[in-house]
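Novice: Questions regarding the structure given below will be posed in turn.
The values are calculated or read from the model by the stated rules, or taken from the named source; none is laboratory data. Quick caveat, the model's predicted, so the values are computed rather than measured. Cβ placement follows ideal geometry from the backbone for every residue including glycine, while neighbour counts extend to all protein chains displayed.
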């Protein structure tokens, strides 16, 4: 298997509603990459487009708009973890030797229909994601004593990160009181416990080892990948326990095994905080703390969590989120994260899940 | 799926059961995910256990709802009756299709 590096990346400003089309949005971070990188357009072997939009033939449209003529071009969709799915596919193309360079781009409009999985009738009338998140939160509170304040603090912390991120949707600090007094949505979840589906795009350029060494002196390597699919329905995902996510646990173990790293080796993580309770579950399922201790997990001196502001602070353009998470970890590991740079980080982890955690992806990167 | 929806419209909850291995298939499909045989739609006793519940303030779905385990299949519906408690027995009292096309399931808690 060939080694694969993240060599370049770009992310657009996330917004509630931009005046750009889905494909114009997608072009933005690609142009950023093409302008700042030594790789020319004729050297791109594949373009993969991550989106939940039903618009057809998007990857080829982006290729035409950017005058790129790759051998391989197609779309990848897996709801909220479309972006990391696309990276896994790109990794496979390169590690197998089929490609040397893959441009992976994700974009989404806030109007995406992908917020609700209509097929899953096990959710009945309660099709909004906040409904399943609230049931997870209730179960964790009942079983482990997790509090609404502990969940609210996650939103506060992630908004602090977003304040230093020029691309984040919510670039302002919020207080514990703000979260606790925000509008009730589904008990115990309030408005500021929820992420916001928005317009946005992000892209990463992956290269084979020999191309990466030509292109940069500081490649960031993909060290481990794990992915697991439990199914698609809420029926399926709840068969273990409402307080844990099996797909995340399995994906994390696969990624740790492949990379020979353990949770203790991770310096920085971008984890899937579409709701505050998901960050608490992720602390536990990724192995950063013991089961049931996620609400109390104080990580300040051990690991940097969601330095870009996470999904709560940045917004959630579904098909772009996994790419923006990966771009952030790559930026941090190559010490190019600007005002939010975490000093001395060598190993980072990306965690991205979809549809109540029916599937999850974990990617470990290192320098 | 269409046959399942036809019964739901009439307020009757049925479930596909594999003709070969007898596995209950949920969400509905005419093919068994276990042994890949064809499945038949069967009457289903609407009794279950309330695994978790909470309160929604969302427009059009305001009220108590929860996840119910009915003999191994799990679904989310409105839950009526007080007081509700985790692990209590519930019965499906109604089901149907909302004006937006989503399906509703109504449960009622048993008095202890």
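Novice: Of the numbered conditions (1) assigned to a helix (DSSP H, G or I); (2) more than 18 Å from residue A:321 (Cα to Cα); (3) in contact with a helix residue (DSSP H, G or I) (Cβ under 9 Å, 6 or more places away or on another chain), residue A:139 fails exactly one; give the number of that condition.
Specialist: (3)
Novice: Where residues in the range B:40-60 are in a strand (DSSP E or B) and more than 14 Å from residue B:76 (Cβ to Cβ), which of them is nearest to the other protein chains (Cβ to nearest Cβ)?
Specialist: B:41
Novice: Answer yes or no: is there a residue in the range A:27-38 that is farther than 26 Å from residue A:224 by Cβ and free of Cβ contacts under 8 Å to residues at least 24 places away in the same chain.
Specialist: Looking through the range A:27-38, at least one residue is farther than 26 Å from residue A:224 by Cβ and free of Cβ contacts under 8 Å to residues at least 24 places away in the same chain.
Novice: Just one of the numbered conditions (1) within 27 Å of residue B:26 (Cα to Cα); (2) surrounded by fewer than 24 Cβ atoms within 10 Å (Cβ to Cβ) is not true of residue A:260; which one?
Specialist: (1)
Novice: Tell me which residues, restricted to the range A:225-235, are surrounded by fewer than 22 Cβ atoms within 10 Å (Cβ to Cβ) and away from chain B (no Cβ under 14 Å).
Specialist: A:227, A:228
Novice: Mind listing whichever residues of the range A:280-300 are on the phi < 0 side of the Ramachandran plot, in contact with a helix residue (DSSP H, G or I) (Cβ under 8 Å, 6 or more places away or on another chain) and part of a loop (DSSP other than H, G, I, E, B)?
Specialist: A:286, A:288, A:289, A:290, A:291, A:293, A:297, A:299
Novice: Residues of the range B:61-95 being within 10 Å of another protein chain (Cβ to nearest Cβ) and touching a residue at least 60 places away in the same chain (Cβ under 8 Å), which ones?
Specialist: B:95
Novice: Checking the condition closer than 23 Å to residue A:47 by Cβ, under 18 Å from the mean Cα position of the chain (by Cα) and away from chain B (no Cβ under 14 Å), which residue from A:195, A:208, A:202 passes?
Specialist: So the residue among A:195, A:208, A:202 that is closer than 23 Å to residue A:47 by Cβ, under 18 Å from the mean Cα position of the chain (by Cα) and away from chain B (no Cβ under 14 Å) is A:202.
Novice: Testing residue A:112 on (1) in contact (Cβ under 8 Å) with a residue 60 or more places away in the chain; (2) in contact with a strand residue (DSSP E or B) (Cβ under 9 Å, 6 or more places away or on another chain), one condition comes back false. Which one is that?
Specialist: Unmet for residue A:112, out of (1) in contact (Cβ under 8 Å) with a residue 60 or more places away in the chain; (2) in contact with a strand residue (DSSP E or B) (Cβ under 9 Å, 6 or more places away or on another chain): (2).
Novice: OK, next. State which residue is surrounded by the most Cβ atoms within 10 Å (Cβ to Cβ) when the search covers only the range A:317-344 and only residues that are assigned to a loop (DSSP other than H, G, I, E, B) and out of contact with any helix residue (DSSP H, G or I) (no Cβ under 9 Å at 6 or more places or on another chain).
Specialist: If we take residues in the range A:317-344 being assigned to a loop (DSSP other than H, G, I, E, B) and out of contact with any helix residue (DSSP H, G or I) (no Cβ under 9 Å at 6 or more places or on another chain), then A:334 is surrounded by the most Cβ atoms within 10 Å (Cβ to Cβ).
Novice: Moving to a separate point now. Hey, can you tell me all the residues within the range B:22-39 that are surrounded by 14 or more Cβ atoms within 10 Å (Cβ to Cβ) and outside any loop (DSSP other than H, G, I, E, B)?
Specialist: Within the range B:22-39, B:24, B:25, B:39 qualify.
Residue-by-condition table, conditions (1) more than 30 Å from residue A:149 (Cβ to Cβ); (2) in a loop (DSSP other than H, G, I, E, B); (3) at pLDDT below 95:
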residue: A:218; (1), (2), (3): yes, yes, yes
residue: A:222; (1), (2), (3): yes, no, no
residue: A:248; (1), (2), (3): no, no, no
residue: A:278; (1), (2), (3): no, no, no
residue: A:302; (1), (2), (3): no, yes, yes
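Novice: Find the residue count for the range A:236-248, including only residues that are away from every other protein chain (no Cβ under 14 Å) and surrounded by fewer than 20 Cβ atoms within 10 Å (Cβ to Cβ).
Specialist: The number of residues fulfilling the criteria is 1.
Novice: I want to confirm something. Restricting to the range A:127-151 and keeping residues that are modelled with pLDDT of 95 or more and facing another protein chain (nearest Cβ under 7 Å), which single residue is farthest from the chain's Cα centre (by Cα)?
Specialist: Per the criteria, the residue is A:142.
Novice: Also: Would you point out which residue out of A:144, A:128 is surrounded by fewer than 21 Cβ atoms within 10 Å (Cβ to Cβ) and within 26 Å of residue A:292 (Cβ to Cβ)?
Specialist: The match here is A:144.
Novice: A follow-up question, please. Among the listed residues A:189, A:174, A:154, identify the single one that is over 16 Å from residue A:350 (Cβ atoms), touching a helix residue (DSSP H, G or I) at 6+ places or on another chain (Cβ under 8 Å), within 14 Å of chain B (Cβ to nearest Cβ) and modelled with pLDDT of 95 or more.
Specialist: A:189
Novice: Here is a follow-up. Which ones in the range A:93-124 are within 14 Å of another protein chain (Cβ to nearest Cβ), at negative phi and buried (at least 23 other Cβ atoms within 10 Å of the Cβ)?
Specialist: A:120, A:121, A:122, A:123
Novice: Find all pairs meeting these conditions: Cβ atoms under 7 angstrom apart; at least six residues apart or on different chains; first residue within the range B:17-29 and without any contact (Cβ under 8 Å) to a residue 24 or more places away in the chain and more than 14 Å from chain A (Cβ to nearest Cβ); second residue surrounded by 18 or more Cβ atoms within 10 Å (Cβ to Cβ) and outside any strand (DSSP E or B).
Specialist: Once the first residue is without any contact (Cβ under 8 Å) to a residue 24 or more places away in the chain and more than 14 Å from chain A (Cβ to nearest Cβ) and sits in the range B:17-29, its partners that are surrounded by 18 or more Cβ atoms within 10 Å (Cβ to Cβ) and outside any strand (DSSP E or B) give B:18/B:32; B:20/B:32; B:21/B:32.
Novice: Taking the conditions exactly as written (assigned to a helix (DSSP H, G or I) and over 19 Å from residue A:316 (Cα atoms)), does residue A:24 satisfy them or not?
Specialist: When the stated conditions are applied, residue A:24 does not pass them.
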